[in-house]
Amino acid sequence: MLVLVCGLPGTGKSETSKFLAKKLNGIHLNTDIIRKEIFKDAEIETVLKSKEPLKYNLEKTFNKLKKIPTKYQKLIWKQKEMVYEKLFGKLKNFLKENKNVVIDGTFYKKDLRDKIYKIANSANTEVYLIQCICSVNIVKKRLEERGFNSISNANKIEIYNKIKRIYETPEKDGKPLFIYHTEKQKIIEKNAHGKHKDLILNSLKEFVYMVKNNQISFATN
């Protein structure tokens, strides 16, 4: 099976996904980790002088600035596309091996999710969606607390606002969907069906229980 965990930055996708991957004995694919695999770390001065800035992890580099220059904002979005393409390749290979896979990323556009659905369909694999949500105030607290310690440590608030403006909800994708409110610890089923529905729902409920009992935590609860 394939579980796609999507939502805006700071809504708790990675924590949720890591738990589900372990629970489902599956592979965890994370866009932030893939970004680190593809791009090199560098100081701002190195990037500004480089004729090939795309080879550097621009999100991480420009975290040190209050404002990301427009030129590099565009390159950061280009790098996002590169990360997704790498992720799609990994996904194809794992599904060919009949592995359970849990992917987490913003997947803010339906066409990105459609590519995932197409890959899963080719592998005759069921797809389940989990959309993580929470209030803007909680998102800001989580992103600010991550500071320079997160794998993906860019000027997240700025990126969050941009993604929020163009985010396309998966509620009309026609796939089994669980909306997980990571602040209120509530799960809402939307069009939930499939032979693994109960397994995923019960796994999410177990995760909620552990969060409520402080056995697992987000950056800020």
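Structure notes:
Residue-by-condition table, conditions (1) surrounded by 12 or more Cβ atoms within 10 Å (Cβ to Cβ); (2) closer than 30 Å to Asn124 by Cβ; (3) over 19 Å from the mean Cα position of the chain (by Cα):
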position	(1), (2), (3)
Ser50	yes, no, yes
Tyr56	yes, no, yes
Lys71	no, no, yes
Met82	yes, yes, no
Lys92	yes, yes, no
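- Restricting the range 11-23 to residues that are touching a helix residue (DSSP H, G or I) at 6+ places or on another chain (Cβ under 7 Å) and farther than 23 Å from Ile157 by Cα, the residue that is surrounded by the fewest Cβ atoms within 10 Å (Cβ to Cβ): Lys23
- Restricted to the range 128-149, and to residues there that are touching a residue at least 12 places away in the same chain (Cβ under 8 Å) and more than 16 Å from the chain's Cα centre (by Cα), the residue that is nearest to Glu59 (Cα to Cα) is Phe148.
- Filtering the range 21-48 to residues that are over 24 Å from the mean Cα position of the chain (by Cα) and among the hydroxyl-bearing types (Ser, Thr, Tyr) leaves only Thr46.
- Those residues of the range 29-47 which are surrounded by 13 or more Cβ atoms within 10 Å (Cβ to Cβ) and more than 16 Å from Gly105 (Cβ to Cβ), in sequence order: Ala42, Ile44, Thr46, Val47
- Members of the range 172-187 that are surrounded by 17 or more Cβ atoms within 10 Å (Cβ to Cβ) and either under 20 Å from Val101 (Cβ atoms) or polar (S, T, N, Q) (or both): Asp173, Lys175, Pro176, Leu177, Phe178, Tyr180, Thr182
- From Leu29, Leu65, residue being of a type in the set (A, V, I, L, M, F, W, C), touching a residue at least 60 places away in the same chain (Cβ under 8 Å) and touching a strand residue (DSSP E or B) at 6+ places or on another chain (Cβ under 9 Å): Leu29
- Counted residues, the range 123-138 - those being in a helix (DSSP H, G or I) and either among the aliphatic types (A, V, I, L, M) or crowded, with 19+ Cβ neighbours inside 10 Å (or both): 2
- Count - residues of the range 1-12 that are in contact with an Asp or Glu (Cβ under 8 Å, 6 or more places away or on another chain) and either in a loop (DSSP other than H, G, I, E, B) or modelled with pLDDT under 95 (or both): 1
- Residue that is surrounded by the fewest Cβ atoms within 10 Å (Cβ to Cβ) [pool: residues in the range 188-221 that are closer than 24 Å to Ser135 by Cβ and under 18 Å from the mean Cα position of the chain (by Cα)]: Ser217
- Among the residues examined, Lys71 does not qualify as basic (Lys, Arg) and in contact with a strand residue (DSSP E or B) (Cβ under 7 Å, 6 or more places away or on another chain).
- Considering the range 58-69, the residues that are within 20 Å of the chain's Cα centre (by Cα) and of a type in the set (D, E, K, R) include one that is farthest from Lys115 (Cα to Cα), namely Lys60.
The values are calculated or read from the model by the stated rules, or taken from the named source; none is laboratory data. What you are looking at is a predicted structure, and each value in this text was computed from that prediction instead of being measured. Cβ atoms come from the backbone with ideal geometry, glycine included; neighbour counts cover every protein chain shown.
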